Amino acid sequence: MSSTVRSCRLLCVAAIVALVGGLMPANAQQTPDPHQVPVMDGEAGPCSVGFTVTDVKGAPVYDARIRVHMAYGFAGVRRLDLEAATNVDGKTQFKGLPEKVKGGTLMFHASQGKREGSAVYDPAKNCGGQQSGIVLTGD
């Protein structure tokens, strides 16, 4: 075998080992943090609101779905529907919300299974990161 072929093989093997060796630790470190707060960005303005969803006993609710529909802009012609899920601590955040919305307030609806709850948010009065709670009631 010529030295050129042998050098190419060694170089290829070294590259594969480096690639596989470099990917293994990265994959092992990519376990998502269950306490990281999910963020839904509407990209429609400067306002934000965070929620903590609990059951009637005050325990956080994981994977509750929070939905909001908004109309904004001149005469409310722009429309936006957003949805986010809660983390293991019952938390999620919406950002990039418009400061002025048709009707003045936004109604956030949360649900998990047959349990439901809601919260009202006024972005014109509380644009800078209000925290709010939603209690889910029902079966």
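Would you mention how many residues in the range 39-52 are surrounded by fewer than 15 Cβ atoms within 10 Å (Cβ to Cβ) and either modelled with pLDDT under 95 or in a strand (DSSP E or B) (or both)?
Residues flagged as surrounded by fewer than 15 Cβ atoms within 10 Å (Cβ to Cβ) and either modelled with pLDDT under 95 or in a strand (DSSP E or B) (or both) within the range 39-52 amount to 2.
(1) of a type outside the set (Asp, Glu); (2) over 24 Å from residue 130 (Cβ atoms); (3) at pLDDT below 95; (4) surrounded by fewer than 11 Cβ atoms within 10 Å (Cβ to Cβ): which one isn't true of residue 8, the others all being true?
Residue 8 satisfies every listed condition except (4).
Within the set of pairs 6+ apart or on separate chains, which have a first residue in the range 74-92 that is closer than 18 Å to residue 113 by Cα and free of Cβ contacts under 8 Å to residues at least 40 places away in the same chain, a second that is open to solvent by 70 Å² or more (accessible area, probe 1.4 Å) and assigned to a loop (DSSP other than H, G, I, E, B), and C-beta atoms under 8 Å apart?
Correct list of pairs: 90/62.
The values are calculated or read from the model by the stated rules, or taken from the named source; none is laboratory data. Computed from a prediction, not measured in an experiment: that's the story for all the values here. Heads up, the Cβs are rebuilt from the backbone with ideal geometry, glycines too, and the neighbour counts pull from every protein chain shown. In case anyone asks, the SASA skips ligands and DNA or RNA and just uses the protein heavy atoms, side chains included. Shrake-Rupley method; radii C 1.70, N 1.55, O 1.52, S 1.80 Å.
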